[in-house]
Amino acid sequence: RFQRDLFSKTIGEMEAELRAQEEKEKHEKLKKEAFYSTYPKFEKTCIKYDVNRQEVNALLFKYSDKYSNFIQFQSAMKSYSMDELLEKLHSVVRK
């Protein structure tokens, strides 16, 4: 009886883990779709939906002619939110 209860709990736990994983994958898919609908130019580039701030700054710096130093550029970009940085990048990226 003890083994049967242990086995059923294990199956239940496995099913819960599977549901949690499916929910996580669904959430990631929705985030990805929302990102690319907001920034459609990024879909055909190397810019992924989970891009971090450092990568966005590096990409923006490539398009910048105002700053000759990346450290200065990063410092100037600190006041911008991630959404604002992504908007700026989206506006300068070519399709």
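The values are calculated or read from the model by the stated rules, or taken from the named source; none is laboratory data. On a predicted model such as this, the values are computed, not experimentally measured, just so you know. All Cβ positions, even for glycine, are placed from backbone atoms using ideal geometry, and neighbour counts span all protein chains on display. Accessible surface areas use protein heavy atoms only, side chains included; no ligands, DNA or RNA. Shrake-Rupley method; radii C 1.70, N 1.55, O 1.52, S 1.80 Å.
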- residue 52: in contact with a helix residue (DSSP H, G or I) (Cβ under 7 Å, 6 or more places away or on another chain) and modelled with pLDDT of 95 or more, yes or no? no
- Return yes or no: is residue 30 open to solvent by less than 90 Å² (accessible area, probe 1.4 Å) and modelled with pLDDT of 95 or more? no
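Can you pull out the residues in segment 73-95 that are more than 13 Å from residue 39 (Cβ to Cβ), free of Cβ contacts under 8 Å to residues at least 24 places away in the same chain and exposed (fewer than 13 other Cβ atoms within 10 Å of the Cβ)? Give the steps one after another, and end with the answer.
Here is the first cut: in segment 73-95, the ones more than 13 Å from residue 39 (Cβ to Cβ) are 73-81, 94.
In the following step, the residues that additionally are free of Cβ contacts under 8 Å to residues at least 24 places away in the same chain were identified as 73-81.
Within segment 73-95, 75, 78, 79, 81 meet the criteria.
Just give me the residues in segment 43-72 being touching a residue at least 40 places away in the same chain (Cβ under 8 Å) and surrounded by 13 or more Cβ atoms within 10 Å (Cβ to Cβ), in sequence order.
Passing the criteria: 45, 47.
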